[in-house]
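What follows is a set of notes on a single structure, which appears directly below.
The values are calculated or read from the model by the stated rules, or taken from the named source; none is laboratory data. This one's a predicted model, so the numbers in the text were calculated from it and none came from an experiment. When we count neighbours, we look across all protein chains shown, and the Cβ atoms used for this are built from the backbone with ideal geometry, even at glycine. SASA here: full protein model, heavy atoms, side chains in, ligands and nucleic acids out. Shrake-Rupley method; radii C 1.70, N 1.55, O 1.52, S 1.80 Å.
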Amino acid sequence: MIPTEKGKELYTQVVPLIEALEETTQKFKMENSLTVPMVKIGTGYEYFRENLARNLNKFPFRVNATFGVASYILELLIEEKLDMIITSQKIPAPGIEYIHYVQEEFVLVAPYHFEEHHYEDKERFEAWLCSQDWLSYGSELPIIRRFWREYFKKRPQMQIKHVLPDLHSILTAIEHGAGISILPNYMLEKSIHNHTVKIIYPEFRVTNELYLAYHIKFRNYPTTIMIIDALKENLQNNIDTI
């Protein structure tokens, strides 16, 4: 069936009323609920551990967390098995809206007693970097590849010594002298304080954008607004503790 022009006009007039009714119903349920609402959030394990776990007691809701890569948690969001995701990739998907959340900063990390070499010639510096023992999060070198493209305008040509499944394992390996890698600086505070790792060549760093994603149809729901506000407040709390 194909709607007539009158039908389309009626639709545009009725939809805002239906959405307003749904929002009012949701708000009424929240205000009259005897329990704190459960919110299903998807994100990367490292980001949750370092940035959300410390402030869970301040959230006005209970959290049911799911960890995974961007494509996996997006699928769960599309299937409405999650309420919101924190993701580094804006993968186009029908009915899904992305808003900017925060910018991560990645730096070169080495064991504390690692000896840095400085070269005026960029090609010699690149060759020396490639000769080091590198640890990576994946065989496709996600962050390392971005670093190389930004500073050397090409793909990295190196043999990775170890590929490990999570960033905390990489950090632990670096602390024990296994090699060097590129990690988000929010993971490093304790290790730098304990003199187990150090940031090398601090002028070389790359950034990574994180986004909040949710269903457009739930954009104005009280629960969605509550989650966004709580996550933004969490950012401020983390800044205040630095």
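Here the stretch 82-137 is the region considered, the condition is being closer than 18 Å to Ile174 by Cα and of a type in the set (S, T, N, Q), and the residue that is most open to solvent (accessible area, probe 1.4 Å) is Ser131.
Taking the stretch 162-195 as the range and being in contact (Cβ under 8 Å) with a residue 12 or more places away in the chain, of a type in the set (Ser, Thr, Tyr) and surrounded by fewer than 18 Cβ atoms within 10 Å (Cβ to Cβ) as the test, only Tyr186 passes.
Residues that are among the β-branched types (Val, Ile, Thr), under 20 Å from Ile228 (Cα atoms) and free of Cβ contacts under 8 Å to residues at least 60 places away in the same chain within the stretch 67-126 comprise Ile73, Ile78, Ile91, listed in sequence order.
Across the stretch 70-81, the number of residues qualifying as surrounded by fewer than 14 Cβ atoms within 10 Å (Cβ to Cβ) and either within 12 Å of the chain's Cα centre (by Cα) or among the basic types (Lys, Arg) (or both) comes to 1. When Phe204 is tested against (1) over 28 Å from Leu76 (Cα atoms); (2) modelled with pLDDT under 95; (3) open to solvent by 50 Å² or more (accessible area, probe 1.4 Å), only condition (3) is not met.
At least 1 residues being within 27 Å of Leu52 (Cα to Cα) is the threshold, and among the helices (runs of 4 or more DSSP H) wholly inside the stretch 103-205 those reaching it are 142-152, 167-175, 189-193. When the stretch 70-102 is filtered for residues that are within 21 Å of Arg49 (Cβ to Cβ), part of a loop (DSSP other than H, G, I, E, B) and touching a Ser or Thr at 6+ places or on another chain (Cβ under 9 Å), the ones remaining, listed by number, are Leu82, Asp83, Gln89.
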